[in-house]
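The values are calculated or read from the model by the stated rules, or taken from the named source; none is laboratory data. Computed from a prediction, not measured in an experiment: that's the story for all the values here. No Cβ is skipped: glycine too gets one built from the backbone with ideal geometry, and neighbour counts run over all protein chains shown.
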Amino acid sequence: MKLYFTPGACSLASHIVLRELGLPFEAVQVDLMKKTTKSGEDFTAINPKGYVPALGLDEGGLLTEGVAILQYLADRRPEAKLAPAAGTMERYRLQEWLAFINSELHKSFGPLFNPSAPAETKEAAKKLIGRRFAYVEQQLAGREFLAGGTFTIADAYLYTVLGWTGFVGFDLTPYPNLKAFQARVAARPAVQAAHAAEKGS
Ligand SMILES: N[C@@H](CCC(=O)N[C@@H](CS)C(=O)NCC(=O)O)C(=O)O
């Protein structure tokens, strides 16, 4: 498999999961401004959507959309239990988290990364993220991970999004459960390996 990624972007979640599962893969860095790969290929010719993550499959073809990629990867090694079996209520609960992180958290950061977004738009985005974080904070009370006691693909995604708070000046101090979660996930060997690989790339 080939993971098209940009350091620190939402592709980090897929990168972490590949390493958690010990799946063989090639990491291909993408410059999102120029829309080229590190070796100079036109990324839009590979992924017409022009964004990461994208996963080149061993059998040919490309899978896009982080929540689809994360589930595809977890299902390659079901014994690792990074996602419950398809069709179970636990899987729908996981999909509920993935959808929430994707549409309510991840996408709410958009204005904060956009240099031309007006200050009021950025402020409104921060308020919205704060409300969403308050919900997650409450859900994480007494729990190590989103789905309970074991790490899943939703945790890799939430961890990735939490990592952006430092870049955009969002203070996590009022969310101690989120901060503890972030530290807990950061300590995982696969997460440290993904960070090291992205830094060195
Ligand atoms: N719907 C996509 C969105 C992915 C996304 O937002 N990727 C960002 C990085 S975190 C990106 O590549 N942005 C560059 C662009 O859209 O041109 C998903 O959920 O995977």
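Only one of 31, 75 is surrounded by fewer than 18 Cβ atoms within 10 Å (Cβ to Cβ), of a type in the set (Asp, Glu) and closer than 21 Å to residue 110 by Cα. Can you tell me which?
Matching residue, one of 31, 75: 31.
Would the stretch 54-67 turn up any residue that is closer than 20 Å to residue 147 by Cβ and either free of Cβ contacts under 8 Å to residues at least 40 places away in the same chain or buried (at least 16 other Cβ atoms within 10 Å of the Cβ) (or both)?
Scanning the stretch 54-67, I find at least one residue that is closer than 20 Å to residue 147 by Cβ and either free of Cβ contacts under 8 Å to residues at least 40 places away in the same chain or buried (at least 16 other Cβ atoms within 10 Å of the Cβ) (or both), so the answer is yes.
For the stretch 38-103, which fully contained helices (runs of 4 or more DSSP H) count at least 1 residues that are within 16 Å of the ligand (Cβ to nearest atom) and outside the structural domain of residue 15 (by TED's automatic domain parsing)?
Qualifying helices (runs of 4 or more DSSP H): 89-99.
Among 121, 160, 152, which is the only one that is hydroxyl-bearing (Ser, Thr, Tyr) and touching a Gly at 6+ places or on another chain (Cβ under 9 Å)?
The unique qualifying residue is 160.
Name the residues in the stretch 118-151 that are β-branched (Val, Ile, Thr) and in contact with a helix residue (DSSP H, G or I) (Cβ under 9 Å, 6 or more places away or on another chain), would you?
Selection gives 121, 129, 136.
Scan the stretch 1-16 residue by residue and report those that are of a type in the set (A, V, I, L, M) and more than 13 Å from the ligand (Cβ to nearest atom).
1, 16
Could you please let me know if residue 120 is modelled with pLDDT of 95 or more, more than 16 Å from the ligand (Cβ to nearest atom) and in the same structural domain as residue 182 (by TED's automatic domain parsing)?
Here the answer is yes, as residue 120 does meet what is asked.
Would a scan of the stretch 147-154 turn up a residue that is among the hydroxyl-bearing types (Ser, Thr, Tyr) and either touching a strand residue (DSSP E or B) at 6+ places or on another chain (Cβ under 7 Å) or assigned by TED's automatic domain parsing to the domain that holds residue 9 (or both)?
Yes, because at least one residue in the stretch 147-154 is among the hydroxyl-bearing types (Ser, Thr, Tyr) and either touching a strand residue (DSSP E or B) at 6+ places or on another chain (Cβ under 7 Å) or assigned by TED's automatic domain parsing to the domain that holds residue 9 (or both).
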